[in-house]
1. Taking the Cβ of B:V151 as the center, what net charge do the other residues with Cβ under 12 Å away carry, scoring Lys and Arg +1 and Asp and Glu -1?
2. Using a Cα-Cα cut-off of under 26 Å, which lysines could be cross-linked to B:K178, ignoring same-chain neighbours fewer than 8 residues away?
3. Please report the carbon-and-sulfur percent of the accessible area for the protein assembly as shown; probe 1.4 Å, protein heavy atoms only, DNA, RNA and ligands left out.
4. Taking the full set of protein chains and a 1.4 angstrom probe, give the accessible area of B:D59 in square angstrom, rounded to the nearest 10.
5. Using +1 at the Cβ of each Lys and Arg and -1 at the Cβ of each Asp and Glu in chain A, identify which of A:F497, A:W387, A:I56 lies farthest towards the dipole's positive end.
6. Report ³J(HN,Hα) in whole Hz for each residue of region B:158-170, in order, from the Karplus equation J = 6.51 cos²θ - 1.76 cosθ + 1.60 where θ = phi - 60°; Gly and Pro get x.
7. Counting only other residues whose beta carbon sits under 13 Å from that of A:F3, what net charge do I get with K and R as +1, D and E as -1?
8. Measuring with a 1.4 Å probe in the full set of protein chains, what accessible area per residue, in whole Å², belongs to the protein assembly as shown?
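The values are calculated or read from the model by the stated rules, or taken from the named source; none is laboratory data. Keep in mind it's a predicted model, so treat the numbers as computed, not measured. Neighbour counts run over all protein chains shown; Cβ positions are idealised from the backbone, glycine included. The protein model used for the area step is the full one, side chains on, heavy atoms only, and it has no ligands, DNA or RNA in it. Shrake-Rupley method; radii C 1.70, N 1.55, O 1.52, S 1.80 Å.
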2 protein chains.
Amino acid sequence: MKFNLSSIFSFSSDISSMKNELKTTISNFNKVLIEKDKSVKIEIKNFINNSLYLNISSDGFFRPHNALLQLKNVISKEFGKKHHLGIRNIKIDSYTIDFELEKKPLKDFTIPFAKLNVSGKQIKLILEDVSEDFLRRNYIDRMITLAKEKVANQYYEGKEEFWKLIWESDPKKHVWSKDPTEEMVKRGWLKQGPTKGKWFYRPQAAAILKAMEKIAIEEVLIPIGFQEIIESNIVPFDIWLKTGHLEGMPGEFYYISEPTSRDVEKWERFVDLTKITKEIDFDELKKNVSAPSAGICYAQCPVIYWSFKGTTISEKSLPILIYDKTAVSGRYESGGRHGIERVDEFHRIEPVYIGTRKQLLNLRDKFIDRYKHVFNNIFDIEWRMAWVTPWYIQQAGKLGDESTQDTGTIDFEAYMPYRGDRRSSEWLEFQNLSILGDKYISAFNIKAQKSELWSGCSGIGLERWVAAFLAQKGINPDNWPDGFKKYLKEIPKGIEFL
Amino acid sequence: MKFNLSSIFSFSSDISSMKNELKTTISNFNKVLIEKDKSVKIEIKNFINNSLYLNISSDGFFRPHNALLQLKNVISKEFGKKHHLGIRNIKIDSYTIDFELEKKPLKDFTIPFAKLNVSGKQIKLILEDVSEDFLRRNYIDRMITLAKEKVANQYYEGKEEFWKLIWESDPKKHVWSKDPTEEMVKRGWLKQGPTKGKWFYRPQAAAILKAMEKIAIEEVLIPIGFQEIIESNIVPFDIWLKTGHLEGMPGEFYYISEPTSRDVEKWERFVDLTKITKEIDFDELKKNVSAPSAGICYAQCPVIYWSFKGTTISEKSLPILIYDKTAVSGRYESGGRHGIERVDEFHRIEPVYIGTRKQLLNLRDKFIDRYKHVFNNIFDIEWRMAWVTPWYIQQAGKLGDESTQDTGTIDFEAYMPYRGDRRSSEWLEFQNLSILGDKYISAFNIKAQKSELWSGCSGIGLERWVAAFLAQKGINPDNWPDGFKKYLKEIPKGIEFL
């Protein structure tokens, strides 16, 4: 990696008489830097009136812009006292960074704040409009990382996702091969919601979903020792900045804006127009609503991690086992919606666990036991488990293999007879189980008294449980296994329409 | 009420030769109108080249703009065929409406689309920039209504709200006079949420809130025969237009916007900037997020009514008794937040009932019985019931009195020892019970096989139940009544921090 920075210091007065003194200071400063990184080289290019022309280069770890900012301090301190000389302004003439990519880019790409020259695996970032303030921010290394990541992703795109079977049940006989959502809609148990990808569960469908909730809590979470917490449904951007969700899937959020004011007078014209026209005046609305600053819960774990931010957890509280089942999740799906299994709004119980590596590996076994119990003994369905690689690991280019499977995700997939043959059709991911290492632990600066902490979660999507169960077992309780009937014997009567 | 409209019809060619014919047609048309409303008078003011100058006045129910639009059709039909003459354009020169208010305005006010001249109780609306299209929309009568309403509200402002005691418990001894929220926060049972007016319930506080949920369902809703439904948390504007919420409290919503696209390329620059700067670029975000089109659930009943929109309910399904406990409510509070009892986000069970007047009055008695049972036998708290007037009745200027109390709201209020003396301090409204007549039934066009339908709801705010109970009974389970201990014997251990 080779950095080259040309810059001009503008001083408060003419520096012609101080040339030698400046040369000495800069040369001494360079010597100090060389002790840290022998590649840093500061060259004086010219002195003209008030201006000092510098070039700083490096091909080690020490960045020229950091050298420049430190040099400014050194000169200001030394020459300020002695000669009442100050640095008025730093102008960046050019700043280029040359480095080699692991592989040749497959197509053009862009990086904000820079032009790119690419030749084979060689890349040159030519920074644009760089101010002193820009240099102070920690942008430059992130720009380099982003360039590498973009090229790595070009190679990753189109690759098959990592998927490795762990376990599968025997094939089962299924009572039907209909789409349970369609059948429930036909019977009026379920109704399309008022906006896209949402549902209104009438008493019959609600009873099934709530039975799933009860099973998850009584057969999985309570036996393992989980306690309920209640979190907010509204997630501010600062939490998603920490978890990486805002850079991961900004196109999938439902965004939330607050009113700029509750003042009735400020809203008077909007109210008057609404009363007269019975329509929304969006221009008037915009005046009274601020920019989005939050989103609807996407997954519950970020807010749970936030609740531990900066804390030190007592050793005897480990592993922490808590779950939220109150926040409702929203994901903007645009296309690809289907039935209750692929929706914009869904109901998930999210257990989160924080503990030592050993505690979490042990917990994973317990979870698998309990899930097997539910899916085999209570649902009696055809399903399988596989190692998969979740997005944040995919993005980092770290494909899962056996050696990294201390952390990672297990997907639980169910055969959906309505989709066709069990071998060729797509199975439904209806449950997952992840151990995430210290990713979120370190993002939120969570500590234990002594131990190194890891964390994980295992989202229980109730709609997915309903879809998997009904797709195989049908909607007639007579065909349901006894284990399930203990939780729901019959479908409530519901409301009759003419 | 006196309407006066001056207008010019521009024809496709010169009408000088058709003066008499036009006069006859207009005069005949006026005769037809006079049969409906004898005050409608159409006068021809002039003929110049292609233009016909008209004046239409009325002081009855028939509006001049409707006369104008009908006249356009009559002339177009008659003269189009016969003379190949069309009306190219209608220009509105002036349109004024004079009427008398019930009372003299107390201060100036405005109405969109009009200038106002007010003199005592007399008011003149002078319409501005009126197009044919404007006349076609049903705005003018709503503007008149709005003017009357605004003046009526000027008299209403500052008036005390209607409040009439129905029943009160004996005074009780209270175990403490502390603010339960503060005490729970001190003990780490509860933590301020990530955004204003939200809370994070750790296991201890969550257990209390969830006990309240269980009590409400098992002691109130199931005994009365309610069934659970599950509704969406996201309410589109068209529902709030129908219920009147959008004109009632637009400054209290959390607004929701969708991404304009999920396309990764469209979001690439936003993602790049977020990765480099670790901040939100709001300009870039705005490009990818559409205008708000919905809000977070404010109360659950609007979506429940929507689910019955346009249906005819079988007589034997009446009364309909359903509740939602899944949607989380958001209300932007700006100021006045306090503890868990006045918040921006809360958890409410909302039973909605639809049936005949008689069924609903009977149901109200059942509710009161069950609530009395809970508040006296399970909570053992000091509380009272009062008739109050909810906002939508206030707005319509219909104050509650004994004669209108078939419809109306009962508030349940609890003494909060931490607020001071029981006589002078403000009690907490911790429950309500409303019968709303046919307001929402007709807004959503809901019908029964035979009966006239009414509806109502009775929001059970779980945070309010917790606040009322703990304020009187404290947070030490030893001091809790046996009835409550049946639902929650002890506080869970929770997590220890250093």
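1. With Lys, Arg at +1 and Asp, Glu at -1, the net is +1.
2. B:K186, B:K191, B:K196, B:K198, B:K210, B:K214, B:K372, B:K473, B:K485, B:K486, B:K489, B:K493
3. On the way: 19820 of 43170 Å².
Whole-percent figure for carbon plus sulfur exposure: 46.
4. The value for B:D59 is about 90 Å².
5. Farthest towards the positive end: A:I56.
6. 3J(HN,Hα) across region B:158-170, in whole Hz: x, 5, 5, 5, 5, 8, 9, 4, 9, 7, 9, 6, 5.
7. Summing Lys and Arg as +1 and Asp and Glu as -1 gives 0.
8. Here the per-residue accessible area is 43 Å².
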